[in-house]
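Encoded as structure tokens, the structure appears first; notes follow it.
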Amino acid sequence: MALVSIHGVSFTYAYSEQPALRDVSLQLEEGLLYGVIGTNASGKTTLCSLIRGLIPLFHPGTLTGKVEIRGRNLLDWDPAHLARAIGCVFENPFTQISGIKDTVFEEIAFGLENIGVPREEMITRVLGVVERLGLQSLIKKNPNELSGGQRQKVAFAAIVAMEADFIVIDEPTSQLDPEASDAVFGIIGDLRKQGKSIVLVEHKIDLMAQHADRIIVMKDGKVIGEGPTGDILTSEIMDVADVPRPEVTDLALALKGTAKALPTLPITRAQAFDAISPRLSG
Amino acid sequence: MSQDNTFSKTMQGYGRLTIFMIPIGIAINFVGGQFALLLKLPVYLDSIGTILVGATCGGLPGALVGAVSNVLNSITSPPTMVFGILSIMFGLLAGWLAKRGVFTSLTMTLLSAIPFAFIGGVLGALLTIWVFGGLAVGGGALVVGALTAAGFDINTANFLAQVPMDVLDKVPTVLVVYAILKGMPKRLFAKLPLGYIYLDKRSATTAAQKPTA
Amino acid sequence: MQQDATKERAEFDREFVDAFRRPVSQGNWVRDINPLIAFLVLGCLAIIPIWIEGLIAPLAMCAAFVAISLLAGVGRHFIPGYLKLFLAVGLILFVLRAAFEPGDLVLFRLGPLSPTWEGVQSGARFALVVMVLCGALTLYAALIPAKYLMLALEQQGLTPRATYVLLTSFQAITDLAKNVRVVMDAQKSRGIETEGSILTRSKAFFPIIAPAFLAAMNQTEERAVALDARAFSSKAPHTRLVSLRGPRPWEFGLLLVAVAGVVVSIMGAYLSWP
């Protein structure tokens, strides 16, 4: 059973004239990290809202086509169950803090309180998450006094503590500085190692190339490409979608057809290093 | 896929944004009032949130915002609690007026300042007289005192003090509410209980979500 | 040295985490009284002076509040604030009534004002009774943090949605005030004046608060989604990390005494009427 199955789905927001999604069909499997790329207003966030079940109940509009999450029709899911099955982290670090807890520890425990986890287990799970994400120095701090980067880490921690197997992450680093971005991607990489299924929307294509198993390319509400990361990032779809490639790929493509062409088209620095180093030593 | 049962599902699943708007309404009341004090303006401007929430979420949420704001203000000035009934009425009236589309037109909004000022000024003066014998709290009481010294009897003094003061306060209040409603994005209205009123007026082609029950 | 510091920090943190395993305590027996009982007791104390004539009863109650604040260890916090309120609220109420309340025995004349003895008396009484109410409310706020009151209410069956609304209101006020300040600085740098004539100042109000208010309202969508992701709308019964100790027998006794005090003062008021 596919994790998410979308057939011929179109969606127009209730107050809008243009469809945000046009005839989208996708199949997402468990345990993979899907990167979603595309220019602004290409439908990436709408796709996330759809998968997460916010469309059409929270964001009213006209939805046609078929959407199935874990084999069950999206509209048949109880919204509360769907929220527990699919975690989500999004762009704004300031609106993801509940605002009613005084310490980061309690903030992370908040979600567990809502699902009725017994106290001792709550403490164990929160400590585990704090350990894994390296938040020990923050647990006593007031979440409302943290920086953007710190808040985003706490938001991740709070979602990870809820132990959903499927997490939708929408542009988590766009409001963060490079250091905080790296930390967040470290968390994402770790989640991937644990075998979670992830849908990640991001503009930082280099980081995407490092972490994504498959890429979904969107333009004007349509999915114009979906496939393994290496294939997509080196193909022309990137030009059609108007999305920049990783630096090393651009370099390799520029060298293609010349005497100095590289044997393979790298998408990460590590791959580029492997491709170039034989020349440096030889 | 049918849209028939989506409204009822919305109420079950996500509800509307009302419980998130109420704290914002309370904050707007508080900060609006503080800011008016900061700018040393001779008006309260502490009911903007009440009316805004009443106009977007309904009379009861608006009344709740008014009531809670009143209780918070009463901590440092207990007599203020008596006037809580006025704040509740502001919220209820805002909801009632909104359902009649008053806040979609500038003229109607300006005219709505009259019933609000009536409640605040006339009922407020009556409350001051009945409960406090004419002298309640704050700057208003000082004005009343000055008027009685000038020769007016205490009841007239109260009306003279409170009614113009409230008109002066409510006209900018409703204008601010109107301006904020104009500036709110459609996607936000789509999620508010009374949002359909403002979506209808905004776009004739919009398929507004009207409550079925 | 480094290792000791880390070890010390680990110990400290363990203490912090362990604290959740026990019922919460503020470290003082007065402040550990169950929030609802404390509310009722202070409420009773606040209304007792209303039924006892004269100035001594309210004065004594104000003094009692000061004493309680000292017992609770919040004296340093409460007393200066209370004194400021006496001046800002109590004094003004007194002066107003003393100056303007009509009466028979005029004390002196000062321009258009002719304060009377009746005015002074009723002014003092009114001001003191208000200060008692004020004192009770501010003392309660100093003794019991809002989150513990909410916890106590939830234990009695109040829906978490209500406690969420009340608790976020406090944070929303702080956040909005901060944002208004930020917008104010930005607008000032664009030439908007906040000093000067009343017209200038009025023109500054809208361009500063409107963007801040709008931004706050726009954020509600994201907050709703974020809260939903934390299973806030889950129908499962909530558990709580922090636990409140149930009220102990002597706290009920205290409540009984306070209620008895109210009953006695009310009866006393009725019985002493001719």
Log entry, pairs with first residue in segment C:168-195 being free of Cβ contacts under 8 Å to residues at least 24 places away in the same chain and outside the structural domain of C:Leu214 (by TED's automatic domain parsing), second being aromatic (Phe, Trp, Tyr) and exposed (fewer than 13 other Cβ atoms within 10 Å of the Cβ), beta carbons closer than 7 Å, six or more apart or on different chains, reads none
Being away from every other protein chain (no Cβ under 14 Å), in contact (Cβ under 8 Å) with a residue 60 or more places away in the chain and touching a helix residue (DSSP H, G or I) at 6+ places or on another chain (Cβ under 8 Å) narrows A:Gly38, A:Gly31 down to just A:Gly38
Exactly one of B:Leu175, B:Leu160, B:Leu181 is more than 20 Å from B:Ala117 (Cα to Cα) and of a type in the set (A, V, I, L, M, F, W, C), and that one is B:Leu181
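Do you know which of the residues in segment B:139-165 that are within 10 Å of chain C (Cβ to nearest Cβ) and buried (at least 17 other Cβ atoms within 10 Å of the Cβ) is nearest to the chain's Cα centre (by Cα)?
Step by step, filter segment B:139-165, then rank; the result is B:Ala141.
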Hey, does segment C:78-99 have a residue that's within 12 Å of chain B (Cβ to nearest Cβ), under 17 Å from the mean Cα position of the chain (by Cα) and closer than 19 Å to C:Pro145 by Cβ? yes
For segment A:126-135, indicate whether the set of residues that are touching a Lys or Arg at 6+ places or on another chain (Cβ under 7 Å), within 14 Å of another protein chain (Cβ to nearest Cβ) and modelled with pLDDT of 95 or more is non-empty.
no
Condition set away from every other protein chain (no Cβ under 14 Å) and closer than 11 Å to A:Thr64 by Cβ, scope segment A:1-23, selection surrounded by the fewest Cβ atoms within 10 Å (Cβ to Cβ): answer is A:Asp23
Cβ pairs under 7 Å, 6+ apart or interchain, first in segment B:19-40 and touching a residue at least 60 places away in the same chain (Cβ under 8 Å), second of a type in the set (Ser, Thr, Tyr) and buried (at least 20 other Cβ atoms within 10 Å of the Cβ), ordered by first then second residue, are B:Met21/B:Thr56; B:Met21/C:Thr220
Of the candidates A:Lys193, A:Lys141, A:Lys204, the one satisfying the condition of being free of Cβ contacts under 8 Å to residues at least 24 places away in the same chain, of a type in the set (D, E, K, R) and surrounded by fewer than 24 Cβ atoms within 10 Å (Cβ to Cβ) is A:Lys193
Checked against (1) within 10 Å of another protein chain (Cβ to nearest Cβ); (2) of a type outside the set (Val, Ile, Thr); (3) outside any helix (DSSP H, G or I), C:Gly157 satisfies every condition except (1)
Taking segment C:78-122 and keeping only residues that are of a type in the set (Val, Ile, Thr) and in contact with a Cys (Cβ under 7 Å, 6 or more places away or on another chain), one is left with C:Val89
Quiz item: What do you reckon, is A:Leu200 more than 23 Å from A:Gly128 (Cα to Cα) and in contact with a His (Cβ under 8 Å, 6 or more places away or on another chain)?
Solution: yes
Listed by range, helices (runs of 4 or more DSSP H) wholly within segment A:88-168 having at least 1 residues that are farther than 29 Å from A:His203 by Cβ are A:104-114, A:119-133
Practice task
For segment C:154-168, state whether one or more residues are under 21 Å from the mean Cα position of the chain (by Cα) and within 21 Å of C:Gly73 (Cβ to Cβ).
Solution key: no
Going through segment B:24-47 in order, the residues found to be more than 7 Å from every other protein chain (Cβ to nearest Cβ), in a helix (DSSP H, G or I) and surrounded by 24 or more Cβ atoms within 10 Å (Cβ to Cβ) are B:Gly25, B:Asn29
Restricted to segment A:100-111 and to residues being more than 8 Å from chain C (Cβ to nearest Cβ) and of a type in the set (A, V, I, L, M, F, W, C), the residue surrounded by the fewest Cβ atoms within 10 Å (Cβ to Cβ) is A:Val104
Scanning segment A:238-282 for residues that are in contact with a Gly (Cβ under 6 Å, 6 or more places away or on another chain) and assigned to a loop (DSSP other than H, G, I, E, B) gives A:Ile267
In segment A:47-79, residues that are surrounded by 20 or more Cβ atoms within 10 Å (Cβ to Cβ), within 11 Å of chain B (Cβ to nearest Cβ) and among the aliphatic types (A, V, I, L, M) total 6
Flagged in segment A:180-199 as assigned to a helix (DSSP H, G or I) and either touching a Leu at 6+ places or on another chain (Cβ under 7 Å) or closer than 24 Å to A:Asn40 by Cα (or both), in numbering order, are A:Ala180, A:Ser181, A:Asp182, A:Val184, A:Phe185, A:Ile187, A:Ile188, A:Arg192
Taking first residues from segment A:59-70 that are touching a residue at least 60 places away in the same chain (Cβ under 8 Å) and in a strand (DSSP E or B) and second residues anywhere that are hydroxyl-bearing (Ser, Thr, Tyr) and surrounded by 16 or more Cβ atoms within 10 Å (Cβ to Cβ), the pairs with Cβ under 7 Å that are 6 or more apart or on different chains are A:Glu68/A:Ser5
How many residues of segment C:211-248 are within 28 Å of the chain's Cα centre (by Cα), within 19 Å of B:Met21 (Cα to Cα) and facing chain A (nearest Cβ under 7 Å)? The answer is 4
Restricted to segment A:80-99 and to residues being touching a Ser or Thr at 6+ places or on another chain (Cβ under 7 Å) and farther than 20 Å from C:Lys235 by Cα, the residue nearest to the other protein chains (Cβ to nearest Cβ) is A:Gly99
(1) at pLDDT below 95; (2) buried (at least 20 other Cβ atoms within 10 Å of the Cβ) all hold for A:Ser181 apart from (2)
All-but-one check, C:Leu256 against (1) part of a helix (DSSP H, G or I); (2) touching a strand residue (DSSP E or B) at 6+ places or on another chain (Cβ under 7 Å), failing number (2)
Q) Does segment A:261-282 include one or more residues that are within 23 Å of A:Thr39 (Cβ to Cβ) and touching a residue at least 60 places away in the same chain (Cβ under 8 Å)? A) yes
(1) facing chain C (nearest Cβ under 10 Å); (2) over 22 Å from B:Ser77 (Cβ atoms); (3) surrounded by 20 or more Cβ atoms within 10 Å (Cβ to Cβ) all hold for B:Val174 apart from (1)
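The values are calculated or read from the model by the stated rules, or taken from the named source; none is laboratory data. All values reported here derive from a predicted model rather than from experimental measurement. Every residue, glycine as well, gets a Cβ built from its backbone with ideal geometry; the counts of neighbours run over all protein chains shown.
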